[in-house]
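**Q** Take a look at this one; I'll ask things after.
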Ligand code: SF4
């Protein structure tokens, strides 16, 4: 099986285009168990710990089935890191997808031009032709997956599906062949419909937000501290399936419009738009509190936090902000802060 990997801080990579080109899209994820070694020669110690982790893995060598990598503009860190990828990562096809920060008509045109450039470079690089009909078929498939994930996500709030189990499902959806994913999700939904709520202890209902959180062990750690994630606005979470792509129009336009109309991620401005989405989630899912996690040196999140802190205080919604390194030892070190939060909410 040939794959295209995507390095994406904002989950804006057009998986449907990779699928139409005959590749399985694979989201590149971090590995919190590895040490930073080679990457230290190329980035300063104040570089985002998650992006640094992906680069470390890429310099060491990605899975040989990955024939190309597309990096999307999520934040300035991933933007500048791409130049280092060109120099240090041994892979034939690399493309930087320039996703605009704005969402107006000019931004849409800019994004469309870049998506068309991506298609043209894949066609040239792999000597293939990407058919519009194939992109449409792929959109139908990924939309089915989005709808299933959205339906399944609701079982977290009903205390039937653990937040960590759901997190694993979203990761599985971003890193496997989509027909296989569809099959797994259908089976999961069937199973959940016949399952009773878990009753072992009264868990606090949490809205989880922040930088990318790709280590499911962290959600298991939260569960151990008495929190159930009932809602989120993460890229390994709601942002991956909240909306669907229009199926009855030019597929490239539909993909561009979809990505520029999704709920705002923490890497995008303005913060008040993101706050409105979080506020609605907090109300709709009747959460006891909000946990906002920033990967160490994640500038977009660090800028966002003072505003979020002030706004949630005004609404009297308990809010915990944590900046943390990308390793599991760190969870233990932060235990008391989570325990204290659990006690006050
Ligand atoms: S965690 Fe923050 S700084 Fe790091 S890649 Fe994501 S958005 Fe960028």
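Every number in this text was worked out from the coordinates using simple rules, so none of it is lab data. Only a predicted model underlies this, so the values are computations on that prediction, with no experimental measurement involved. Note that we place each Cβ from the backbone using ideal geometry, even for glycine, and neighbour counts take in every protein chain shown.
**Q** Could you work out which residue, out of 139, 128, 206, moves most in a Gaussian network model of the chain, that is, has the largest mean-square fluctuation with Cα springs under 10 Å?
**A** Its mean-square fluctuation being the largest, the pick is 128.
**Q** From the convex hull of the Cα coordinates of region 3-130, what is the mean projected area in square nanometres?
**A** Values: hull surface 31.6 nm².
Here the figure is 7.9 nm², rounded to one decimal.
**Q** Moving on. Given the Cα-Cα distance of residue 314 and residue 127 and 0.36 nm per residue of separation, how much length would full extension add, in nm?
**A** This chain segment gains 61.6 nm when fully extended.
**Q** Okay, next question. Let me have the relative contact order for the chain, percent, based on Cα pairs under 8 Å that are six or more residues apart.
**A** Values: 527 pairs, mean separation 65.2, N = 345.
For the chain, the relative contact order is 19 percent.
**Q** What full-extension length gain, to one decimal in nm, is calculated for residue 250 and residue 322 as 0.36 nm per residue of separation minus the Cα-Cα distance?
**A** Full extension from residue 250 to residue 322 adds 21.7 nm.
**Q** Considering the chain as a Gaussian network with a 10 Å cut-off on Cα pairs, which listed residue, 202, 311, 140, attains the greatest mean-square fluctuation?
**A** Greatest mean-square fluctuation among the candidates belongs to 202.
**Q** What ranking of 209, 88, 142 emerges when the number of other C-beta atoms within 10 Å of each C-beta is taken as an exposure proxy, fewest first? Numbers along the way, then the final one.
**A** Working: 209 29, 88 14, 142 24.
Ascending Cβ contact count within 10 Å gives the list 88, 142, 209.
**Q** How many angstrom lie between the C-alpha centres of region 269-344 and region 21-56?
**A** 24 Å
**Q** Another question, then. If you wrap a convex hull around the C-alpha atoms of the chain and split its volume per residue, what is the figure in Å³? Could the numbers behind the result be given before it?
**A** Details: hull volume 45.1 nm³, N = 345.
That works out to 131 Å³ per residue.
**Q** What ranking do 331, 272, 319, 307 get, fewest neighbouring Cβ atoms within 10 angstrom at the top? It would help to have the intermediate numbers written out before the result.
**A** On the way: 331 20, 272 11, 319 23, 307 14.
By the 10 Å Cβ count, ascending, the order reads 272, 307, 331, 319.
**Q** Here is a follow-up. For a footprinting-style exposure proxy, rank 159, 1, 269 by other Cβ within 10 Å, fewest first.
**A** Working: 159 16, 1 8, 269 13.
Listed from fewest to most nearby Cβ atoms, that is 1, 269, 159.
**Q** Can I ask one more? Kirkwood Rh over Cα pairs of region 214-345 into Stokes-Einstein at 10 °C, 1.306 mPa s: D in µm²/s? If you can, show how the numbers build up before the last one.
**A** Working: Rh = 16.3 Å.
Stokes-Einstein gives a translational diffusion coefficient of 98 µm²/s.
**Q** Under 12 Å from a point 7 Å along the Cα-to-Cβ line of residue 191: which residues of region 149-167 have their amide N that close?
**A** Correct set: 161-162, 165-166.
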